[in-house]
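The values are calculated or read from the model by the stated rules, or taken from the named source; none is laboratory data. Bear in mind that the values here come from a model prediction, so they are computed numbers and not experimental data. As a convention, Cβ positions derive from the backbone with ideal geometry for all residues, glycine included, and neighbour counts pool all protein chains shown. To get the accessible areas, we keep the full protein, side chains included, count just its heavy atoms, and leave off ligands, DNA and RNA. Shrake-Rupley method; radii C 1.70, N 1.55, O 1.52, S 1.80 Å.
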Amino acid sequence: MTKNRKTVKRKVISDQTYKKRLLIWSIVIPAFLVLVIFAWQHRAGLAYLWIKVFEKEKISQEDQGKFDVRNIELMRRHDDKIYGIDISQYQGNISWDEVMTINDEFPIDFIYIRASMGESAKDSKFSKNWNAAKKKNKLRGAYHYFRPNENSVKQAKNFIRMVDLEPGDLPPVLDIEEMPRNQSMDSLKMGLKRWLIHVEKHYKVKPVLYSGDKYFADFLEKEFGEYTLWIANYNFWVEKPKKHWNIWQFSEKGTVKGIKGPVDLNMFSGDIEDLEELCLPIN
């Protein structure tokens with residue numbers, strides 16, 4: 001009789017252990033699979049993080065600029081897209097004969113160049129860069145840096161004075177990044193709309209709106225969602241453009257031969273024919 005009770009006790013303990021193990025594995029296995037899927041989806045970001053954090057002493061700062069693992073991996077994964085750069089006077093004197101590819105691998109299909117800032121400021125390298133981009137036979141476009149506390153119509157006129165768009169050029173861009181200091185956000189939005197309307201009326205083409213991802217989502221999405229959107233988001237966990245992003249500025253640390261220092265990198269969510277459809281019509 002005693003022997004039988006011990007047998008029953010061992011069986012009860014065995015059943016409890018089995019249930020615990022089953023519960024543990026029912027948690028561990030799905031968690032492991034989720035981790036594997038996450039790592040695969042974000043392999044570019046993880047590789048970038050590894051280089052930046054764990055191999056900092058092995059790789060020089062110069063080599064890190066030349067071998068930005070995340071950018072290269074990201075562009076290889078989106079080889080159905082086209083890539084471009086945007087530049088300003090901060091890039092200094094550019095050796096335009098050498099400007100062909102990003103990281104010696106990915107062709108540069110379009111170039112945006114800063115033309116003006118605020119009511120009267122001008123990018124000191126615009127004219128030189130604008131003419132050089134034309135000679136490279138690349139799709140080129142110009143953008144205006146909007147200063148929220150300055151008159152929007154005067155800003156539009158400043159851009160128009162600087163930029164003579166030709167058939168085949170990319171549409172003008174309004175770059176809004178700053179928060180207003182002396183006015184409400186509603187007042188700022190009215191100013192942005194005035195700039196966009198004034199510029200569209202002059203060039204007969206709808207401008208592009210550029211902004212940071214959070215800035216656009218928090219303040220502009222409701223009123224400006226109908227515009228072609230150029231969104232900046234450098235988060236290395238973001239592996240592909242969102243559906244409403246027409247152009248994604250995915251890095252500010254690109255490497256282009258002929259340009260000293262880092263360059264902004266942009267992915268257009270389409271092919272070259274799709275981008276050409278946005279350009280000023282060729283008569």
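Kindly establish whether Glu239 is at pLDDT 95 or above, touching a helix residue (DSSP H, G or I) at 6+ places or on another chain (Cβ under 8 Å) and not β-branched (Val, Ile, Thr). Answer is no for this residue.
Of all positions in the stretch 178-194, none carries a residue that is in contact (Cβ under 8 Å) with a residue 24 or more places away in the chain, within 28 Å of Ile108 (Cα to Cα), in contact with a helix residue (DSSP H, G or I) (Cβ under 8 Å, 6 or more places away or on another chain) and not aliphatic (A, V, I, L, M).
This table checks each residue for (1) surrounded by fewer than 20 Cβ atoms within 10 Å (Cβ to Cβ); (2) out of contact with any Phe, Trp or Tyr (no Cβ under 7 Å at 6 or more places or on another chain).
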residue	(1), (2)
Ser251	no, no
Thr255	no, yes
Val263	no, yes
Ser269	no, no
Glu277	yes, yes
Pro281	yes, yes
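The one condition from (1) closer than 18 Å to Leu209 by Cβ; (2) surrounded by 20 or more Cβ atoms within 10 Å (Cβ to Cβ) that Arg147 does not meet is (2). For the stretch 78-90, the criterion of a residue being within 12 Å of Gly258 (Cβ to Cβ) and open to solvent by less than 30 Å² (accessible area, probe 1.4 Å) is satisfied by at least one position. Every test in (1) under 22 Å from Asn129 (Cβ atoms); (2) surrounded by fewer than 19 Cβ atoms within 10 Å (Cβ to Cβ) is passed by Glu226 save one, and that test is (1). Scanning the stretch 184-199 for residues that are open to solvent by 20 Å² or more (accessible area, probe 1.4 Å) and either within 17 Å of the chain's Cα centre (by Cα) or more than 23 Å from Gln249 (Cα to Cα) (or both) returns Ser184, Met185, Asp186, Ser187, Met190, Arg194, Ile197, His198.
Here the stretch 91-119 is the region considered, the condition is being acidic (Asp, Glu) and over 11 Å from Asn266 (Cα atoms), and the residue that is surrounded by the most Cβ atoms within 10 Å (Cβ to Cβ) is Glu119. Return yes when Asn233 is in contact with a strand residue (DSSP E or B) (Cβ under 9 Å, 6 or more places away or on another chain) and either polar (S, T, N, Q) or open to solvent by 10 Å² or more (accessible area, probe 1.4 Å) (or both) and no when it is not. In short, yes. Listed by position, the strands (runs of 3 or more DSSP E) contained in the stretch 205-283 that have at least 2 residues being closer than 18 Å to Val69 by Cα are 247-254, 263-268. Name every residue in the stretch 122-167 that is among the aliphatic types (A, V, I, L, M), part of a helix (DSSP H, G or I) and either under 25 Å from the mean Cα position of the chain (by Cα) or within 21 Å of Asn93 (Cβ to Cβ) (or both), in order of residue number. The answer is Ala132, Ala133, Ala156, Met162.
Every condition in (1) within 23 Å of Ser88 (Cβ to Cβ); (2) in contact with a strand residue (DSSP E or B) (Cβ under 9 Å, 6 or more places away or on another chain) holds for Lys206 except the one numbered (1).
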